[in-house]
Amino acid sequence: MIDGLDGVGKTTQIELLAKKYTDAGQAVKTSRINGGTDIGEQLRSVMLGGNPRPANTDLFIAMAMYSALAAQVEQWRLGEKNGLILIDRSPLSLIAYQVYGEQASPELAQQFLDLTLQMFNPSGIIVYDLDAQQALARNKGMPSYVQDYYTSHSPDFFKDVRSGFLDSAKKLSPLVNILDVTGLSPEQVCAKTSQIIDAI
């Protein structure tokens with residue numbers, strides 16, 4: 001699982017890593033945790049929509065998406081014992097975005113975090129770290145950029161989200177690795193990420 005702020009390069013790295021390991025002869029599956037299944041993609045559209053709602057609502061929407069994707073991941077594992085599953089985002093986003101960013105219930109989010117970690121049972125989580133302003137600038141400069149419910153928040157929101165990732169990552173060490181991607185090219189990030197994956 002690869003996580004971090006919008007704009008840190010998660011999606012790009014999932015693509016690069018999938019090609020790298022596929023070319024090396026390994027079976028690879030990719031998905032994204034906000035979406036990834038038919039029902040998950042529909043709920044993703046709801047979550048990214050502009051409808052105002054209480055912060056805890058997003059926790060429940062996220063849990064519905066996570067539950068559906070976890071079932072899919074389990075099927076992949078049963079079908080390919082030695083395959084590599086790369087997932088864009090992780091349950092840490094529950095803490096980073098919903099608690100630190102939106103001030104959702106820390107107690108409820110922690111329960112959901114514990115549950116989703118049990119459901120996915122990831123071998124490892126990599127959090128790409130980058131200054132919030134740089135991440136925002138990179139995200140807005142992408143051809144695929146579309147302003148949504150989250151990207152419309154203030155820069156301070158994303159500073160809080162970054163703190164949420166770093167704090168929760170440290171609490172879950174050694175399951176979670178923090179990788180500082182400041183000033184690194186996509187190829188350099190891919191190489192460093194591969195080193196972490198190969199060591200897991």
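Throughout, read-outs are computed from the coordinates displayed, never taken from laboratory work. On a predicted model such as this, the values are computed, not experimentally measured, just so you know. All Cβ positions, even for glycine, are placed from backbone atoms using ideal geometry, and neighbour counts span all protein chains on display.
From the phi of every residue in the range 10-15, what ³J(HN,Hα) in whole Hz does the Karplus formula 6.51 cos²θ - 1.76 cosθ + 1.60 yield, where θ is phi - 60° and glycine or proline is x?
4, 5, 4, 5, 4, 5
Using 7 Å Cα-to-Cβ label points, what is the A199/S105 separation (nm, one decimal)?
For A199 paired with S105, the spin-label model returns 3.9 nm.
Given the C-alpha atoms of the range 9-75, compute the convex hull and give its volume per residue in Å³. Please report the intermediate quantities before stating the final value.
Working: hull volume 6.1 nm³, N = 67.
Per-residue hull volume (Cα only) is 91 Å³.
Pick out, from Q195, F158, Y66, the residue whose Cα sits farthest towards the positive end of the charge dipole of the chain, with +1 on the Cβ of Lys and Arg and -1 on the Cβ of Asp and Glu.
Q195
Suppose we look only past 31 Å in the calculated P(r) of the range 2-199. What percent of the Cα-Cα pairs does that tail hold? Write down the numbers at each step before the final one.
Details: 2341 of 19503 pairs.
Roughly 12 percent, rounded to a whole number.
If you look for lysine pairs in the chain that are eight or more places apart or on different chains, how many of them have Cα atoms under 24 Å apart?
Count of close lysine pairs: 21.
What is the distance, in nm, between label points placed 7 Å from the Cα along the Cα-to-Cβ direction at W76 and at T22?
With each label placed 7 Å out from Cα toward Cβ, I get 1.2 nm.
Could you work out the relative contact order of the chain? I mean the mean sequence separation of Cα pairs under 8 Å and 6+ apart, divided by the number of residues, in percent.
32
Starting from the Cα of V46, step 7 Å along the direction of its Cβ; do the same at D180; then give the gap between the two resulting points in nm.
4.1
So if I place +1 on the C-beta of Lys and Arg and -1 on the C-beta of Asp and Glu, and nothing else carries charge, what would the dipole magnitude of the range 1-147 be about its Cα centre? I want it in debye, nearest 20. Kindly include the intermediate steps, with their values, before the conclusion.
On the way: 12 positive and 15 negative charges, 67 e Å.
Value, rounded to 20: 320 debye.
Whole Å is fine, so just give me how far the alpha carbon centre of the range 13-59 lies from that of the range 113-139.
Measuring centre to centre over Cα atoms gives 12 Å.
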